[in-house]
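What follows is a single structure, written as structure tokens, with notes after it.
Bear in mind these aren't lab numbers, they're just calculated from the coordinates by the rules spelled out. These numbers were taken from a predicted model, which means no experiment stands behind them. Note that each Cβ is placed from the backbone with ideal geometry, even for glycine, and that neighbours are counted across all protein chains shown.
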């Protein structure tokens, strides 16, 4: 591993309140107290489904909702908040609920992002629907586990996502990088080689925080290793230690050496994520949706792109992953209809029509002829363990504070050692509040 340069600025830390905000989780109690006063939807009005699909994916979903209506007579209104990500979507959902406009079904990430809605008694236990539709037999076990809270199945998993490097193979070859890096040192060397070729190695967007977080969590996996990384995410290890400082040092290194998008903090994730397809970067860290959203529509030959597992330098080379699922609101007028719609969405033929290359439905693996790179990741997922993506491991307010801290490091407002201390305080306050 190459040594890290000194931070570009060591001026006094500008906290800007992110420590104070670490425990500002939207009050679960207030959500729970409001739940009884939220209007219940009527079956005659049809179902409402809230997601964060982009325009193309939403259009495909609308086609499947129409097919469901043709078959059952049940209509569904689809609302989507594209591009908001985990940094914004839960707040938008929360606003809908508190405003008396709760959707009947909503899509959401698992872990600490979904749990506040469960804790506030805003979602129903889907156990009887798991039984009636045999979901345990047809859905990924890890996906089901990711949508299980306090021993109850409050969500049906839709996606089991695995993140790695998605790259422009043509740029790698033209720059002189003949094979995917298999060690962390080789990855740094490839970054320098690609930069010398005249292309930004890694495309990242720092707006909202979550996209550039993918880089930091990878670097923390490198410096801390699997066991310590997991303990840090659970709040069972102290963040104020050398491995975390080293990860923040590397975080600065990637920025100061020009390995990531210039001015990344102001770049939208969607712009950065597809930059390797456009040829303005060589790779990004993302998941299989990249192939359907950006690579296939580009019309460029599929062989000009590739994907690989990011090397960490540990015997157990893990990758970041997360679960997404569908939940039914306690205010839904007819949860049986909502469950029938979810079952329709989860069927293999529907998942294929939706071009879902990361489906939790076991019989909906991506077609290697149509989506060869996604099929490759389906195989990687079987061979490489997953660590929980960090904005799903933490409650939203903790993640927001964490994003602000990452931003401060890249702006030179916080040195790596101070960032490690501040992160420990954020996590300690969260743990003390439980």
>> Nearest 10 degrees is fine. How inclined is helix 372-383 to the longest principal axis of the chain, computing both from alpha carbons?
In response: 90 degrees
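Give, in nm to one decimal, the length gained when the segment between residue 186 and residue 370 is fully stretched (0.36 nm per residue of separation minus the Cα-Cα distance).
Working: separation 184, 0.36 × 184 = 66.24 nm, distance 3.09 nm.
Contour length minus the Cα-Cα distance gives 63.1 nm.
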> When 246, 63 are ordered from fewest to most other Cβ atoms inside 10 Å of their Cβ, what list results?
Replying inline: 63, 246
> 222 nm [θ] for the chain, helices only, -39500 (n - 2.57) per DSSP H run of 4+, per residue, to 500?
Replying inline: -14000 deg cm²/dmol
> Taking springs between alpha-carbon atoms closer than 10 angstrom, which of 217, 227, 370 fluctuates most in the Gaussian network model of the chain?
Replying inline: 227
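Please work out the Kirkwood hydrodynamic radius for the chain, using every pair of different C-alpha atoms, and report it in angstroms with one decimal place. Let's see the in-between values first.
Working: mean 1/r = 0.0446 Å⁻¹.
Kirkwood hydrodynamic radius for the chain: 22.4 Å.
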> By how many degrees, 0 to 90 and rounded to 10, does the Cα axis of helix 55-72 deviate from the longest principal axis of the chain?
Replying inline: 20 degrees
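What's the FRET efficiency of residue 315 with residue 257 using the Cβ-Cβ distance as r and R₀ = 30 Å, to the nearest 0.05?
According to the calculation, E is roughly 0.60.
Kirkwood Rh, the range 83-189, all Cα pairs: how many Å?
Working: mean 1/r = 0.0586 Å⁻¹.
Averaging 1/r across every pair of different Cα atoms and inverting gives 17.1 Å.
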>> Angle check, please: helix 242-256 long axis (alpha carbons) against the longest principal axis of the chain (alpha carbons), in degrees 0 to 90, nearest 10.
In response: 80 degrees
>> Could you work out the percent of alpha carbon pairs in the range 79-144 separated by over 16 Å, rounded to a whole number?
In response: 55 percent
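Give me the orientation-averaged projected area of the Cα convex hull of the range 370-413, in nm², one decimal. Please list the in-between numbers first.
On the way: hull surface 20.1 nm².
Spelled out: convex hull of the Cα atoms, projected over all directions, averaged, 5.0 nm².
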>> For a Förster distance of 22 Å, can you work out the FRET efficiency between the beta-carbons of residue 349 and residue 303, rounded to the nearest 0.05?
In response: 0.15
> What length, rounded to one decimal in nm, is gained on full extension from residue 75 through to residue 363, with 0.36 nm per residue of separation minus their alpha-carbon distance?
Replying inline: 101.0 nm
> Between residue 55 and residue 98, what FRET efficiency follows from the Cβ-Cβ distance if R0 is 25 Å, with the result rounded to 0.05?
Replying inline: 0.35
> Once the range 234-381 is represented by equal point scatterers at the alpha-carbon sites, with solvent omitted, what log10 I(q)/I(0) does the Debye formula produce at q = 0.09, 0.10, 0.15, 0.18 Å⁻¹?
Replying inline: -0.44, -0.54, -1.02, -1.19
> Most exposed first by the Cβ proxy, i.e. fewest other Cβ within 10 Å, how do 423, 147 rank?
Replying inline: 423, 147
>> Pick from 335, 103, 82 the residue whose mean-square fluctuation is largest in a GNM of the chain, springs joining Cα atoms under 10 Å.
In response: 82
>> Return the Rg/Rh ratio of the range 181-294 with Cα-based radii and a Kirkwood Rh.
In response: 0.98
> According to the Cα gyration tensor, what semi-axes, each the square root of 5 times an eigenvalue, does the equivalent ellipsoid of the range 299-372 have, listed from largest to smallest in whole Å?
Replying inline: 33, 19, 10
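With both partners inside the chain, how many of the DSSP beta bridges are antiparallel, as a percent to the nearest 5? Could the numbers behind the result be given before it?
On the way: 24 of 37 bridges.
Roughly 65 percent of the beta bridges in the chain run antiparallel, per DSSP.
Sorting 285, 386 on the 10 Å Cβ count, fewest up front, what's the list?
On the way: 285 22, 386 18.
In increasing order of surrounding Cβ atoms, one gets 386, 285.
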> Which of 151, 176, 206 moves most in a GNM of the chain, Cα contacts under 10 Å?
Replying inline: 151
>> Starting from the Kirkwood Rh over alpha-carbon pairs, what translational D in µm² s⁻¹ does the range 322-434 have by Stokes-Einstein at 25 °C and 0.890 mPa s?
In response: 137 µm²/s
